[in-house]
């Protein structure tokens, strides 16, 4: 953390005062600008703390943290992402589901719901950011991070189910807060409660950041890109209204419509990407070459191969949330006798999210030639730390331009997809945030409403602020969750190992029956 | 082993006709009757995180509601007259579930009531009777 950032707190007050006085004094500053200023200055210190580099390098320690964790889990569970893959598919297909349990949440439903929380802007905007800064090579590191992240996800989701709270009325609450407390107590390790509280705090921030403001922000960019520029707070208020209707008003119909449309949007997105790849089949070899070459040389992109690696890992983690702990909250609500089965099912998430969908986006951006190269050297042209693009766009805009260059009307579909993805991600994260909130403050109608109202306020802030500060804060909050969660996972992984060994031996002996 | 008849029942006149028919048939042939009420459910539908959390509680509610308001009144009304009548409430696709119950019980036939005419809805989406005719593992009687 830099001294300058520590000093920025007083400016928060200053900015708040400015907002209060804005009606009389600051006519020049629009609402958007003011919101942005307050936001950037009040979150800067947190962002720099999370993203500070190892001394003497430009390598953020948090990226190293995630990579090491994913590697440790991959090795500790002896490549469970490959060993357990076919069994995971069988579980999702329902081959091991007891027909007498029909009517309970199936593995497929748990996976689909968890996916609709993670598949979204990370896959569309995040990848564009990664490739736009880190070059094509970022894709390689993203895929690698996705593959290894499968093991992290497996570990956390197994624990989420194992240590959830079950209440008399049949509902359940689970997630890192619960396994940190109960799991640590079971192993006789102190400090579980402190970690759980820290996790819950970061989870609330993550829910408000990446699960909310980033989504609102990108949704606004999409809409204004089509209908023309207009102030972000207008989008914010409309979005906040709809989110409010769903999470406070209990308007299930909107949520269930979204839940049904989102998967089709996801399929359509992948289909469109495949069509573009097929049409440009002659360039696929070249694009893959760029990805591999860039991964190790950086292709002249600022930061070289380290830059590509950092961007790849960052965006992968942000997209599939492996190690972050959010998925553990989503999966823990599933009714199953075997926690391992949920862990195995959840390891498919990073695969679908990152290895398949993110790679599609990256390939489309690379193949459609959105990023400008210097004809003399063949290297990418870098301006202000970003690769110059044909339309001077970044984030969703870059993805949209890439798809639009091949299928002219696709940006409209993409805009709709972004808005819907943003919305479904918000709904999922409002749930994760709420679980963290009730863990801290206890269950109760009034307390729940308070969180939900705060959540809606942040929708407006997110839509009004600029992308830069929002994306920084979103990343920082979500990675802060990973810091706490992964410490817990290290201590609790022997428990998962025991569960896994027991499950696999019973599967081998035929004690766990196949029903189909 | 006694002959078993599986009846698909829902609270409608068609459902009642099917049960009446099955009871008459059971009396004549000395068969046992299993009355099945199926709650439509697909393991491949999409749920929100909150729906997932509440699912187990909802399922319990749905099962007890189906028992109290659908199965219990029916059983009370039936004059069994020495016929063995079992009831079952299941989740799933109606036709598939009736077929599965029939197979489990070694039933000799499935009896259901016909609900609608050849309307546009059943043309588009198919009917239980149609699906059962195609997929039933045992002979199937559709009571008009």
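Quick one: would you say residue A:245 is modelled with pLDDT of 85 or more, surrounded by fewer than 24 Cβ atoms within 10 Å (Cβ to Cβ) and under 22 Å from residue A:427 (Cβ atoms)?
The answer is yes for residue A:245.
Just checking, does the stretch A:60-77 include any residue being within 12 Å of another protein chain (Cβ to nearest Cβ), in a loop (DSSP other than H, G, I, E, B) and crowded, with 20+ Cβ neighbours inside 10 Å?
no
Against the conditions (1) at pLDDT below 85; (2) touching a helix residue (DSSP H, G or I) at 6+ places or on another chain (Cβ under 8 Å); (3) in a loop (DSSP other than H, G, I, E, B), where does residue B:122 fall short? Just the number, please.
(3)
Considering A:390, A:301, A:306, A:279, which residue is touching a helix residue (DSSP H, G or I) at 6+ places or on another chain (Cβ under 8 Å) and either at pLDDT 85 or above or farther than 15 Å from residue A:135 by Cα (or both)?
A:279
Which ones in the stretch A:98-118 are assigned to a loop (DSSP other than H, G, I, E, B) and either at pLDDT 85 or above or more than 28 Å from residue B:91 (Cβ to Cβ) (or both)?
Result: A:105, A:106.
Considering only the stretch A:84-116, how many residues are exposed (fewer than 14 other Cβ atoms within 10 Å of the Cβ) and either facing chain B (nearest Cβ under 10 Å) or under 25 Å from residue A:149 (Cβ atoms) (or both)?
3
Give me the helices (runs of 4 or more DSSP H) completely within the stretch A:304-387, filtered to those with at least 3 residues that are under 30 Å from residue A:178 (Cβ atoms) and in the same structural domain as residue A:501 (by TED's automatic domain parsing), ordered by residue number.
By residue number, A:304-320, A:326-331, A:339-346.
Can you name the residue in the stretch A:42-56 that is touching a residue at least 12 places away in the same chain (Cβ under 8 Å) and assigned to a loop (DSSP other than H, G, I, E, B) and, of all such residues, is surrounded by the most Cβ atoms within 10 Å (Cβ to Cβ)?
A:51
Of the residues that make up the stretch A:453-472, is at least one within 16 Å of the chain's Cα centre (by Cα), assigned by TED's automatic domain parsing to the domain that holds residue A:207, within 22 Å of residue A:263 (Cα to Cα) and crowded, with 24+ Cβ neighbours inside 10 Å?
no
State all residues of the stretch A:244-260 that are touching a helix residue (DSSP H, G or I) at 6+ places or on another chain (Cβ under 6 Å) and under 13 Å from residue B:48 (Cα atoms); if no residue qualifies, say none.
Hits for the stretch A:244-260 are A:246, A:247, A:251, A:254, A:255, A:258.
Let me confirm something: among A:226, A:288, which residue is away from chain B (no Cβ under 13 Å), part of a helix (DSSP H, G or I) and at pLDDT below 85?
None of the other options fit; the residue is A:226.
Quick check on my filter: what residues within the stretch A:142-167 are within 16 Å of residue A:182 (Cα to Cα) and in a helix (DSSP H, G or I)?
A:155, A:156, A:157, A:158, A:159, A:160, A:161, A:162, listed by residue number.
Kindly list the number of the only condition in (1) assigned to a loop (DSSP other than H, G, I, E, B); (2) within 14 Å of chain B (Cβ to nearest Cβ); (3) farther than 14 Å from residue A:333 by Cβ that fails for residue A:170.
(3)
In the stretch A:188-199, which residues are in a helix (DSSP H, G or I) and surrounded by fewer than 24 Cβ atoms within 10 Å (Cβ to Cβ)?
A:192, A:193, A:194, A:195, A:197, A:198
How about the stretch B:1-51: which of its residues are closer than 30 Å to residue A:429 by Cα and in contact with a strand residue (DSSP E or B) (Cβ under 9 Å, 6 or more places away or on another chain)?
Across the stretch B:1-51, the qualifying residues are B:40, B:41, B:42, B:43.
The values are calculated or read from the model by the stated rules, or taken from the named source; none is laboratory data. Please read these numbers as outputs of a predicted model, since none were measured by experiment. Methodologically, a virtual Cβ is constructed for each residue, glycine included, from the backbone with ideal geometry; neighbour enumeration extends over all protein chains shown.
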